[in-house]
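Take a look at the structure below.
What follows is calculated from the coordinates using simple rules that are stated; it is not laboratory data. Quick caveat: nothing in here was measured; it's all calculated off a predicted structure.
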Amino acid sequence: MARGYPDARSTTPGGTLVLHVASDAARIRFDLFRQGPTLSYAGSSPWFDGPAPEGSPSANIDFGWTPFSFVVPGGWSSGVHVAAIAEWDGNGQPPLVIAPISTFATDGLLLFVLRSADPGSNATTPYCPESAT
């Protein structure tokens, strides 16, 4: 089971998204969805070599799980996004993209906000993610 957290709560199209993950999988990928009335698939990151497993000394120094970064495509729409961590053992075919059943789950899902590249030009009601646990 993979767990993770974003380095920052938000970024912009064309910006770099950094996600920290602990998993015992040989390879991981992030399948990204935009939350609207339904989840819509936005794209996937490349496959990364697996991070340090949860519980290992290198993964648990000040919760400093392995960071993975990639550039968010410039054409993505602003809004709330969910990154689903896909795990693969490296054997056979990689897993297909599967939308999360619920965004209320906590394992393997990371929430982040994609801000507008041109803030204020088409402003609507802002979203303020809760940070209390």
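Calculate one ³J(HN,Hα) per residue across region 33-42 by plugging θ = phi - 60° into the Karplus curve 6.51 cos²θ - 1.76 cosθ + 1.60, and present them in order as whole Hz with x for glycine and proline.
10, 9, 8, x, x, 9, 7, 10, 5, 9
Give me the extension gain from S102 to S69: residue separation times 0.36 nm, minus the current Cα-Cα distance, reported in nm with one decimal.
In short, 9.4 nm is gained.
Suppose the chain between D89 and A26 were pulled fully straight at 0.36 nm per residue; how much longer would it get relative to their current alpha carbon spacing?
22.2 nm
Considering the alpha-carbon set of region 62-102 alone, what are its Rg and its Dmax in angstrom?
Expressed in Å, the Cα Rg and Dmax of region 62-102 come to 13.9, 36.
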